[in-house]
Structures are given as C-alpha cells and as structure tokens.
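One structure is given here, and the rest of the page talks about it.
The values are calculated or read from the model by the stated rules, or taken from the named source; none is laboratory data. Here the structure is a predicted model, which means the values were calculated and not measured. Every residue, glycine as well, gets a Cβ built from its backbone with ideal geometry; the counts of neighbours run over all protein chains shown. Please note that ligands, DNA and RNA were not included when accessible areas were found on the heavy atoms of the full protein model with its side chains. Shrake-Rupley method; radii C 1.70, N 1.55, O 1.52, S 1.80 Å.
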Amino acid sequence: MHRYPSFSLRYLFGVPAALPLLLALLAPVPDARAQQLFWADFEVSRTGWAITPDNFLGRVDVGRFANQVWVYSEGIGSHFYLPADFVQERGAWAYAPYLVDEVFDFHWADEGWLHARASGTWVYAPTETLAQERGWAYVLNGTTAVPLPDRICVTSEFTAERPALDIDPVGYTNTRRVDAAEIARFDNALQLGPEAMAEHMEMDPDVTMTSGPEGMTFTSTALAGNRFVRFFYHPVGGGLLDFGELAEYTGKVGMTLRAGVDLSAGTGGFFARMKNRGLESYVEATPGIPSHVREYLLSLTDAGAYSRLGAGSVEDDVLLEMYANEWTDPVYIELTLPPQGSVTVKEMFFHMETDIRGFAEIEDLITGGAGATAENTHTVTNVEEMFDALAAVRGLDEPSIIYIDGALTLEDWDAAGGDGDRQFSVSEDIRNVSIIGVGSNALFDGLGFKVHGANVIFENLTVRYVWMRNAFEINNARYIKVTRCTMHGIPEGTSEIRFDEMMSVKNHARYVIISWNHFHTDPQGRSILMGSNDGPEALPDRKTIIHHNWFQSVGTRHPLIRGGYTHMYNNYVDSVNWGANVRTRARARIENNYFRSVNRAIFPGEEPDIIAGAWEVSGNIFDGGNSNFQPTESTIQLNFESAYTYTLDPAADIPDIVMAGAGAEQPEDD
C-alpha cells in the first residue's frame, strides 16, 4: 500500500523549456522544477496579458524563479521567459485561472484589441503583438507572490480491487461497513493518513477538532445550518488533488474515505464530496467581482458523485466512496456536517481505473429470487395481497418470489388504503426478490413500482396508464433487471392519462438491465429517463445495459441518458420522434440497433446549452428519419473490461427478432 509521505509527489509542472515572450531573446532555463505561484489581494480593476504561441487560450501561471519572471502555459506544458522591463512597465502579474476564459480578437484602426469574456471588457494590445500573430490569455493583476502547495497526483499506478456484490448498503448511498476484505481492496491504492490530510485542511469556525489514535474528530457546535471541513484545499489555488491522467482513459478515479460518523444528536445528513474550483471563500470575501463572474465561479464546484449517510446514523467504521469519470480541474474533499454532527476521519484511499468495469458480471449478479423456498414464495391476485407479500419479504436475507396472477387496479388500490403515489414500494430493505407475472394474467392498471432495493427482477408484467408516475421508478437501487415487460402509454382515443416516464433510472441507481421490453402507444410520451438532473452530484458511476427492446410510437427518450455508461444494442426504435439523447457527460456504446422513422435517432441534447455526451456507434441501421441525426462516426472510443462479452444479432434482423420476443405475454384477444 502506498502511504503518504513516502509517496513521491509529482509537481504539476515539468522541467521548463525556454521560448520567446513578447519578442524577448531566448533565455536559459533554470535547471530546477518551477514553482506554481498564486497572488493574493486581487484587484479586479487592473489587468495584464500573458502571451502564448499557437493561439492557445487557457490557464496561465506567472511567477519568479532566480530573480527572473516566468510564465507557465498549462495547455502546452511549457514555460516562457518574461523580461523584467515588461513587468516594470505593465505592473505585477497575477494568477487567476478561474477568470481565464475565451478571448476574442478584434481589430480597429490597425491596432489590436482583445476581449476577455469573463471580465466583459476590451483591453488594448500593442500593434506588434496582434492576436493573429500570437495567442493571448487574460489574467488579473495583483500583488505578493506566494508558493502554492504541490499537487498530489492520482495516476494509473494506484489501483483497487472491485468490492463484493453491493446489495446491503449503509445509509443513503455509496457507503460500506469496514472489514478486513474491504481494506485489503486498497493494498495498491494511494493511502493518505491524518498527518497528510491535516497539512492542507480548513474548517468552519464553529467546528472543533481533536486528534486521537484513530484519526481526527470534527464536531459541529452549531445549532442550525450545515458546517464544512475541507481537505487538500487552498483558499485561492483551489484543490490540490490532480487526476489529470484520467483524461487519457474512459475509466474513473475513486476516492474512499474511512471514517466514523455520529449523527445521533442532530437531524441532518452527512455528505462527503469531491469538489473543484473551490473559490467560494474567495468570492464571498472579495468585493467588486462582477455579478456574471461571481455566478460563474460559484457554479463550478462538484467534481463527481458523492457519498451520504442519513440523519441519525451512527457508524463506527465505514467506507464512504466518491468517484469522478471526467477530469476538469484540481480537486479537494469537502465534508458536510449537520448541526451537532461528528465525524472521525481515519484515512483516505485514491485509485484510478483505466477501463470501464462492472459490465462483465451484471447479468450473473442479478439473480433475484432464484432458489426461493416454498415459504418465501407468494402468489397475489389483488392489491391487498401485494401489500402483504412485499411486507413479508422486507428485511429477509433469503431469496423470495412474488407471482402476480391477476389484475391489480387503481380502484383496488384505493380500497386497500393505498396512498396518492400509486406506486408499490420496493424499499431499500427488499433484496433478492423476483416479481413475475403468471402467463398473461399480470396487469398493473394505473399502478407502478418505486424501486430502492437491490438484486430485484421484474419479469412478464404489463403496466399501463399510471398518471404522472413511472411504471418503474428505479431510484438509488442496485442490480435491477426489468425484462419481458410491457408498458402501455395512453388509452386509445385519450390524451389525459400519461406516464411521467414509463421508466426512470435516477440518482445513484447502478447496475441495471433493461431487456426484451415493449414500450408503446404514447405519441407525446417518454420511455426511459436516466439521471434526474444535469448536476455532477446526480451523475453516478451508473452501468446500464439496454438490449432487445421495442420502442413503438412513443414520443421521446429512447433513452435520455445523463452521465454514467450505457451499452445499447439490438433495440428496435420504431416510429418515434427522438431516439437516444446522449447528454451531460454520458458515455454510450450504441450498436446494431434498428431505427425506423425516427426524427432524431442519436443526438446530444435538445437545448443549445446542454452539455453533450459522447458515443461509440457501429452497425446501426437508419430506415428513414433525419439524416442529420444518424451518426456513423464515434465521438469516443470506450474501453470496456475484457471480461465483458455479449452476442450481437445482425441489425437487419432486429425488427423480426424483437417484435417476436419483446414484452409480456398478452391475452389472446389483445
């Protein structure tokens, strides 16, 4: 196991190379690593420009070394010598990476003017350094250079073993109790203990800290409102954790916090988050920042999926897991303490995965109620019996099966005292269960499912007409399979009864298979939503397989994918408006599907400001529809783990194959 401080920290900057700056002569490069600098006391009213070649626009660091001034361009990985007289004439330079934004060239009266979007102002540049000759990047002016601490780099040399089947979570999500096997997973990870964490730490004034043999204990003394503790954080420089190598792969970086948490004295929950661009303190303490710049700075914070424990939780030793599948900026760790809450921070583990893991075993791990005894097998014919069956399997560690042999209607729901949600609750303490329709008898008429459990299979069910709810709302659940089910939209000739979506896979739901289902007859409706919003905290390391489904005459979302990884193959998308909407950093392999009469078969988003996802496409057939949304070239190459295997049917055969096999059994007269 790699333990700090024996781990050799890599500097952000490599050995500098000397290149000209502002027509200066080439200067020898100091035989040492350059130091990253930041400047305090920002003065928004004073500005300066740093030049970089090849029209590079990006982050620029300016600092002194051996009484000479050097500019570092992170985008091209080089240093440039800055003559002293330029500094004297133009004033001190400042490091402001978060206000380096797009710079536009504009020429007026044969002199160069450059516009910095972040500041919203025009700044004069001398004629001899026009924008078409060199690229420029905008930096704020300031005073007093101070060394910024070295960044800690998490690279592919740090690895971790995959955890065992996660069907018994602790608290809300991404949390596991500690045992010897769990700790052994991180033998090859980067481990940082209390000493390393304390080196770059800050906490709110009404948080107390004590040190003990297990680690550092932080307690909020506040009576109201959350309080925060941050690790690997610098108030101006932001995060000190560098995941830059992740940009070379389609995997993820994992951060696991080992801690004890006591929330017994308060009413709020505990969060552990990875964040970046940590400028909240700077923004709040600095007057005069333009409102649009302030909004921009405050919006760039969450770096990946979080971990949470609910109110009242008391756990002596748990692992709280966070992860990010995209590198943007240096990261820090932020803990949210509710009033009177306490956390003992013991150690942190960091690792990187260079491939996409978890797909190979999804099918084998979703076993549902296989092997259920007669005692744990239930047959229901109405709503009241369904309530009883769900109560009977709640909290069991043994497999269970619930057979549906009848029509469960909204009228029966009301008569049995059901609530206005109109969804059967498969709660988080329900696991290892199969809910299976008997022949063509299983009908949920106006009723759906809200799924929070683990290792649950839904098979051969017909669900229809659930007003403003989902047939299957899969929320924070794990290892879920919905197969050979039929979801009706609106009744014929009716425009009032409609699903919210027929199916949703939201928040921290993970490891989901959607196969051999029939979604049909709702021209204004929506089939599958994956991800409830566009924020990074709502984009977990989701793994979803969607194959051999028939999407017929339903308006949109086949599916809409936000975040995570999706494999979509051998589906028949038939007579719909929108097909696969891959957005908000989602990554999808889309292959051997048949798109018939689809207006937008594969596209990144319906609004111009939506962040696009990325797709790997091959073998799809587009039969009609808009050719502008029928990509045949990939925007990413996804590296799935080698153990993940599957069989592709030819796309030309998909309509016949899927129409013959998708959906639940139906009565003969339907």
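A few points about this structure:
- Accessible surface of the stretch 430-482, 1.4 Å probe, proportion on carbon and sulfur as whole %: 43
- The stretch 389-440 shape via C-alpha gyration tensor axes, a/c threshold 1.5: oblate
- Label-point separation, L396 to S427 (7 Å along Cα→Cβ), nm: 1.6
- Within a straight-line Cα-Cα reach of under 19 Å, K275 can be paired with the following lysines, leaving aside sequence neighbours fewer than 8 residues apart in one chain: K252.
- Taking Lys and Arg as +1 and Asp and Glu as -1, the other residues whose beta-carbon sits under 15 Å from that of T373 total -3.
- Full-stretch length increase - A181, D364 - with 0.36 nm per residue and alpha-carbon distance subtracted: 63.7 nm
- Each of T632, V598, I654 was placed along the dipole of the stretch 578-670 (beta-carbon charges, centred on the mean Cα), and the one lying farthest toward the positive end is T632.
- For the stretch 505-618, a simple Cβ point-charge model (Lys and Arg +1, Asp and Glu -1, everything else neutral) yields a dipole of about 240 debye relative to the Cα centre.
- Neighbour net charge for V576 - beta-carbon separation under 12 angstrom, K R +1, D E -1: +2
- In the stretch 408-473, a dipole from Cβ-located charges (positive for Lys and Arg, negative for Asp and Glu) runs towards its positive end, and of N460, W413, L447 it is N460 whose Cα lies farthest in that direction.
- Cα gyration tensor category, rounded, prolate or oblate, for the stretch 541-606 with a/c compared to 1.5: oblate
- Neighbourhood net charge (10 Å Cβ-Cβ; Lys/Arg +1, Asp/Glu -1) for A272: 0
- Cα lying deepest toward the dipole's positive end in the stretch 184-245, options P194, H234, T221, charges on Cβ: T221
- If you sort the three axes of the alpha carbon gyration tensor as a ≥ b ≥ c, you get a/c of 1.5 or more for the stretch 347-499 and a/b above b/c, which makes it prolate.
- Å² per residue, accessible surface of the stretch 534-594 at 1.4 Å: 16
- Note on the stretch 433-476 and the stretch 368-402: Cα centroid distance 14 Å, given to the nearest whole angstrom.
- Applying 1/(1 + (r/R0)^6) with R0 = 35 Å to the Cβ-Cβ distance of E157 and T208 gives a FRET efficiency near 0.40.
- Extension gain from D656 to I611, taking 0.36 nm per residue of separation minus the Cα-Cα distance: 12.6 nm
- For the stretch 585-670, the share of accessible area belonging to carbon and sulfur comes to 44 percent (1.4 Å probe, ligands and nucleic acids excluded).
- Gain on full stretching of the segment that runs from D405 to N382 - 0.36 nm per residue minus C-alpha separation: 7.4 nm
- Accessible area in square angstrom per residue, the stretch 228-277, 1.4 angstrom probe: 25
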